[in-house]
Structure formats: structure tokens, C-alpha cells
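Contents: one structure, followed by commentary.
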Amino acid sequence: MSARVSYEERQDARFEAIPRLEGKRLTVDLSGELDIATRDTFRQALLSSTSTSEGMVFVDLSRLDFVDAAGLGALVSSRNALRSQGRGLTLINPSALVAKTLTMTGLTDLLGPTGEMQPAQIVDLYPEADPVGSQV
């Protein structure tokens, strides 16, 4: 899969979402900043790529420099959209700053394992105990 979605409005605000399909496994590599200006680009890249894959969708955050509340919301809403299809969303390889942001906002309780998140740790956004539509 070679579709690449980019957002570049300012010199210092760049974002890329690059889907990689390996067999039926979809991984979307994010780089740059996932924020209010790029969240729709992320959603579009993720959801348009899911038709050719099955099961869990992986989002690689190793090259993501920054995520704000709008970006976190996009991750959660994408997870919910996939769950409504019987699928899941898993974050992998969060950079240190992104892992810290997830921890500081308390989203690790909802979106991943408890305790300190480390870079390269997998964060499961599809916990079995969290039914679709539940609120925290």
C-alpha cells in the first residue's frame, strides 16, 4: 500500500500518515504533529485504509513528535469507529513525549495498560472489559 497522506500548512507543522499493509495487517505510521489541524487527515488516512485489511489496526507513534487534545480525541474516535465494525486499534511504539502525554491525561487507564508507559510499549486500545459506547 503506497497511499501517503500529508498535511503541511506551515513550515513547522508537518504531519504524515503512511499506511502499510503486510498481508491483511494494517499499520499506519504517523510522523510530525497530531493536533487540531491534522486530526481529520489522520482519520481520513486511517479509515480509508481499513477496507483492505482485517482485524486489529496498528498505529505506530514512534515518529510522532506531538499530540494535543484534538489528536487524542481523533485516536479515541477512530478506535470507537473500528470497534463498531468489530475491530480494534492498537498504538505501538509511542515516543517518550507521546507516552508521557497519554499518561498525564489519564488516557492510559482507558486506552492502555496501567502503570508507567515506556517508548516501544504496545498500548492496547481495544480492552475486552470496555464495551462499545461505555463512558469513563
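Since every read-out is calculated from the coordinates, none of them should be taken as a lab result. Just so it is clear, the model here is predicted, and its values are computed rather than measured. In this analysis, Cβ positions are derived from the backbone assuming ideal geometry, glycine residues included, and neighbour counts consider all displayed protein chains.
Could you sort the peptides 28-36, 16-24 by per-residue average Cβ neighbour count (10 Å cutoff), highest mean leading? Write out the running numbers ahead of the final one.
Numbers: 28-36: 20.7, 16-24: 15.8.
Highest-to-lowest ranking by the protection proxy: 28-36, 16-24.
Tell me which residues come under 5 Å, amide H to amide H, from R63 once H is placed; ignore anything under 5 positions away on its chain.
Under 5 Å from the amide H of R63: L30.
Once the Cα gyration tensor of segment 11-110 is diagonalised, what are the square roots of 5 times its eigenvalues, in whole Å and ordered largest first, as equivalent ellipsoid semi-axes?
On the way: eigenvalues 82, 47, 31 Å².
Those come to 20, 15, 12 Å.
Cut-off is 10 Å between beta-carbons; in what order do R39, R63 appear when sorted fewest neighbours first? Display every interim value, and only then the final one.
Working: R39 23, R63 14.
Arranged by neighbour count, lowest to highest, R39, R63 become R63, R39.
Given H placed on each backbone N at 1.01 Å, which residues far from V57 in sequence or on other chains put an amide H within less than 5 Å of it?
G88, L89, T90
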